[in-house]
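The values are calculated or read from the model by the stated rules, or taken from the named source; none is laboratory data. Please read these numbers as outputs of a predicted model, since none were measured by experiment. Cβ: placed from backbone, ideal geometry, glycine included. Neighbour counts: every protein chain shown. For the accessible areas, the whole protein counts, side chains as well, though only heavy atoms, and no ligand, DNA or RNA atoms are used. Shrake-Rupley method; radii C 1.70, N 1.55, O 1.52, S 1.80 Å.
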Amino acid sequence: MTQSPTYDFWLFDLDGTLVDVDAAYPRQIFDQVGKRLGYEFSDRQVRILWHGLAGARNPKLRDWGIDPDEFWAIYHEVEDAQARAGAAYSYDDARRLLGAIDGPIGIVTHSQPYLANATLERVGLQTEIDALVCCNEQLGWKPDPAPVERAMADLGVDGNGHAGVMVGDSPQDIRAAHNAGLDGIHIERFDEADRPDDIDGEYHVEALDELV
């Protein structure tokens, strides 16, 4: 990228974009889930599911012979918000970009409120954020534009001609941005070989402070 873009407002994915967790944490979670399912997840499967590298997770679970409803029921029983927050950290490049943005900032995440809020508090980013939207069955899941549109409404930037962007690490993030009429910036923090398709963002960066 040769020129940093200018936007009136910025939306971000959370996990894998602004924050992450120590590598041992998802391994522990999937070991516990796998034990109850009678299934042993490889390290590659953990990476793909944890970060959504292959897009929607449920089709991938079905490909591996796992019932998504059973998986998610067990997963949500196993994961603890405080344990996850304790393993969380923010990316330094994300902090630099957030500190440089002059305008409203929102997060649109698949993490549920009890997880997202605990993580943001733990890493000290809650004061940087003006709106937090957590996807659910009623609102929709990225790439559905509805969660992005909700964040825009919460920021007061919907329908007024403001130029905005969604920044994320997954195909769902960029598709959700485009479906809501926004630009999409892809941050690549992982092995591109784990992705089935190219990500069609307006910009592709390897560190968010490239955008400062």
Exercise. Scan the helices (runs of 4 or more DSSP H) fully inside segment 35-105 and keep the ones with 3 or more residues being closer than 29 Å to Leu125 by Cα, open to solvent by less than 60 Å² (accessible area, probe 1.4 Å) and in contact with a Leu (Cβ under 6 Å, 6 or more places away or on another chain).
Key: 92-100
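Quick grid of which residues meet (1) within 14 Å of Leu211 (Cα to Cα); (2) out of contact with any Pro (no Cβ under 7 Å at 6 or more places or on another chain); (3) of a type in the set (Val, Ile, Thr):
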site	(1), (2), (3)
Ile101	yes, yes, yes
Leu115	no, yes, no
Val123	no, yes, yes
Thr127	no, yes, yes
Quiz item: Out of all the residues in segment 8-26, is one or more within 23 Å of Leu211 (Cα to Cα), open to solvent by 60 Å² or more (accessible area, probe 1.4 Å) and in contact (Cβ under 8 Å) with a residue 40 or more places away in the chain?
Solution: yes
Self-check item: Matching residues, segment 161-181, being free of Cβ contacts under 8 Å to residues at least 40 places away in the same chain and over 12 Å from the mean Cα position of the chain (by Cα)
Solution: Gly161, Arg175, His178, Asn179, Ala180, Gly181
Quiz item: Taking segment 150-177, which residues are within 25 Å of Trp50 (Cα to Cα), of a type outside the set (Gly, Ala, Ser) and either modelled with pLDDT of 95 or more or in contact with a helix residue (DSSP H, G or I) (Cβ under 8 Å, 6 or more places away or on another chain) (or both)?
Solution: Arg150, Val165, Met166, Val167, Asp169
Practice problem: Hey, could you check segment 129-170 for residues that are in a helix (DSSP H, G or I) and under 12 Å from Phe12 (Cα atoms) and say which is most open to solvent (accessible area, probe 1.4 Å)? | Solution: Met152
Quiz item: Within segment 107-115, is there a residue that is open to solvent by less than 40 Å² (accessible area, probe 1.4 Å), outside any helix (DSSP H, G or I), among the hydroxyl-bearing types (Ser, Thr, Tyr) and in contact (Cβ under 8 Å) with a residue 12 or more places away in the chain?
Solution: yes
